[in-house]
Each structure stands twice: as C-alpha cells, then as structure tokens.
Amino acid sequence: MSRYDVVIVGAGIAGASLAAEIAPHARVLLLEAEDQPGYHATGRSAAFWSETYGGPDIQPLSIASEPFLRNPPAEMGGEGFLAPRGQLFIATRADRHVLDRFAESFAAAGVTLAEIDPAARCPGLRPEWCEGLWDPTCSDIDVARLHAAYLAAARRAGAELVCAAGVTGARRDGHWRIETRAGVFEGEVLVDAAGAWADPVARLAGAPAIGVTPLRRTMVQLRVDPPATAALPLVTDARERFYFKPEAGRLWLSPHDEIPSDPGDAAPEELDVAMAIDKLQGAVDWRIEAVERKWAGLRSFAPDRKPAYGFDPAAPGFFWCAGQGGFGIQTAPAASKLAAAMLLGTAPDPTIAHIDRDAYSIERFRG
C-alpha cells in the first residue's frame, strides 16, 4: 500500500488550493467523497470577490488574494479569474446609520466606500431605497476555472485525486490509516478540508470537534423585465436581507439566509424562494417573468466565523483547513499559502507575511 506525506479530505476549493501549494514539496493524496470535486459549496457559489465580504476579520485574506486572482502566473493559465462588476450597498433613509456603521468598520483597513445615489447604478430601484455606498473593486469570479486550475496545478506537481472516496474511519498508529469507500490509504498527515463535513471527519479521526456549523443559503435565477443587463452591479441590502446580481442575462437573487443544516446535498425550501422574491419586489419595480432555477449550498462557519487552520494539539498529525464560510473561494490564494506554511513549517510567502496567522489558528479553540 502506498503511503503519502499528506492526505487531504475534500477536493473543493480549500483542498484543491492547499494541494497545489504543498504538492511540490510533499507526496499528496486528495480524497473526494463525491464523484467529482467541487459538487457542494464550491460549485454553488454566487461567484463574486468583494473586499468587504466576510467582514474586517476576513478582509486581510481577501486583499492578499486579489493580485493572484487578477493576474495569475502563467502556470495557472495566465488569464485573470476576475471580471469587473462593482458592488452597490443600499438602504432606506431610516437605515442610513447601518451603512455608516458598515463603512466605519472597514475604515482602519483603508477600504473606501463612496457615497452614491443608488438609482444611478440600479435603474428601477424603488424611491425609498435612497441611500447608497459604492465599491468599484467588486468583481465576478470564474469559480469553475479557478478550481480547475488548482486541481491541474496539484496534478502537475504529482498530487493524486481519488473520487467517490468518502471517509468511513481513520486511526493513527505512527501514521494515519484512512478507510474510505474507495479503499484504505495511509499518510503521515491528515488534512480536514471537508467543508460541511469538517467536524464529522474530525470525530472519525479522534479529534475533538470545533463547532463548524453548515448554514444553508438559497439562490434563485429569475427572468425579469426589464432584463438584467451586464451593467448591473452586485446589489446588497445594508441589513443583509437580500442581494442580487446579473448573470448571463438573468438575475441571481438570494435572501441572504443562513439556516443551520446537517451536512448533505442542500436543496432550496419553497418558503425561502418566496421570501427572496418578496424582498426583491420590495426593492425594485421590475416584473418577474419566470423562476428558471433554484438551488442551495452550505456555507460552513467556525463559532467565531473565521477560518481554522493548523495542526490540532489535541490530535497529533491532524491538520484543520475548515470554516471558510462563504468566502473560501475569494480567499483561496492567500488562505492556501497561509495553511501550507503552517503545515510544512516554512516561512510564509511574502504575499501573506503581513497576515497574523494566529488569528486563524486552530489553537484558539484549544485553550
């Protein structure tokens, strides 16, 4: 039986990007429970990069990831993964203080949000939505291409991928012996990049759970009149009750829901779809012609809503790469470099040297 230096459970964006970073330095195996990587959270993303998404605690990872996403190296295709979109935060006059508080929370990080008449960027917005802030840096992400580029980079460096390999057991006796539906594999380090399944995988390996909670988020694709043109920005309610953006002539809409769910193949609830449409109709005067698609994904958060990286002091050889919430794709370049340095025990890449790794370390849960 082959033995690997590092076995990563989960081949979504977290596992794929980490594999690409460490495969040049170690023998890596990626284990994916589904028949194809990226089936769950990675494949169901709203697909945007926003400097403010996730809050001030996540902003350092987002900003450090932006140069790579805009200008990736030649070995990652050389073509940027971001396309201009812009983000409009809207509020009623009664909620002006919410916008002000939001802007103030990012002031120390140097994030500038410009005052704007929201109707100038979103025609059809109802008159009561008269307060707005504008972020011109928000961009669409080509998630599928980014994920595929990381998987390809990992393979080029020698990493192996096994799909339909859900973990059924794991024990350590000098090294890890990992039982899966696709067979048994051995490794020196076991990485938990299992997203919504992070805590169950940890328990299988004898590591205490840290409280990673999967939260369901609903997305709806609508055909509206007038059509959702490519010039429309990402529009976000200041109170985080909905957001929408154009996508190939259609409108993608979410009620910004966060509903605790068991790990699994998330499906939208009709009530959540109806709530999303009701919130949209309260914000714009567009006519909804058809609900064309609806889906849901699980966004998994640690208790403090920051990602968790590092070796678990309560379980030798067990490394966490979990809790990326809804920002795992936009932070993948920086997060994978940070996690790789922690796993390999190397100096951090210069692009992330300024980031406080202790802020995301698993040790904050093992006081």
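Computed from the coordinates by the stated procedures, all read-outs in this text should not be read as laboratory data. Here the structure is a predicted model, which means the values were calculated and not measured. Backbone-built Cβ (ideal geometry, glycine too); neighbour counts: all protein chains shown.
Expressed to the nearest 5 percent, the antiparallel share of DSSP beta bridges inside the chain is 70 percent. Applying the criteria of a DSSP loop state and at most 14 other Cβ atoms within 10 Å to the GluC sites (Glu not before Pro) of segment 163-249 yields Glu240.
For the chain, the tally of Lys pairs with Cα-Cα distances below 19 Å comes to 4, considering only residues 8 or more apart or on different chains.
How long is the gain from Val162 to Cys130 if the chain were fully straight, where each residue apart is worth 0.36 nm and the alpha carbon distance is subtracted?
On the way: separation 32, 0.36 × 32 = 11.52 nm, distance 5.21 nm.
Using 0.36 nm per residue and subtracting the Cα-Cα distance, I get 6.3 nm.
Overall shape of segment 217-296 was characterised from the C-alpha gyration tensor. The equivalent ellipsoid obtained from it has semi-axes of 21, 14, 11 Å, in decreasing order.
Is it possible to state the helix-based mean residue ellipticity at 222 nm for the chain, with each DSSP H run of 4+ residues giving -39500 (n - 2.57), the sum divided by total residues, to the nearest 500 deg cm²/dmol? What is it?
Value at 222 nm, helices only, nearest 500: -6500 deg cm²/dmol.
Would you kindly calculate the mean projected area, averaged across all directions, of the convex hull enclosing the Cα atoms of segment 265-334, in square nanometres? Numbers along the way, then the final one.
Details: hull surface 31.8 nm².
Its average projected convex-hull area is 8.0 nm².
State the extension gain, in nm to one decimal, for the chain segment bounded by Glu292 and Ala148, taking 0.36 nm per residue of separation less the distance between their alpha-carbons.
Working: separation 144, 0.36 × 144 = 51.84 nm, distance 2.67 nm.
Here the segment from Glu292 to Ala148 would lengthen by 49.2 nm.
Based on the Cα coordinates of segment 291-365, what is the per residue volume of their convex hull in Å³?
Details: hull volume 8.8 nm³, N = 75.
Given the Cα convex hull of segment 291-365, per-residue volume reads 118 Å³.
On a per residue basis, the convex hull of the C-alpha atoms belonging to the chain measures out at 130 Å³.
Filter the GluC sites (Glu not before Pro) in segment 72-168 to those in DSSP coil with at most 14 other Cβ atoms within 10 Å of their Cβ, and list the result.
Working: sites: Glu75, Glu79, Glu104, Glu115, Glu128, Glu131, Glu160; in loops: Glu79, Glu128.
Answer by residue number: Glu79, Glu128.
For the Cα atoms of the chain, what angle does the longest principal axis make with the long axis of helix 59-70, in degrees from 0 to 90, nearest 10? So the inclination is approximately 90 degrees. Pair-distance distribution P(r) for segment 26-163, from all Cα-Cα distances in 5 Å bins starting at 0: 2, 9, 14, 16, 16, 14, 11, 7, 6, 4, 2, 0 percent. Find the percent of Cα-Cα distances in segment 137-222 that exceed 20 Å, and round it to a whole number. That tail contains 53 percent of the Cα-Cα pairs.
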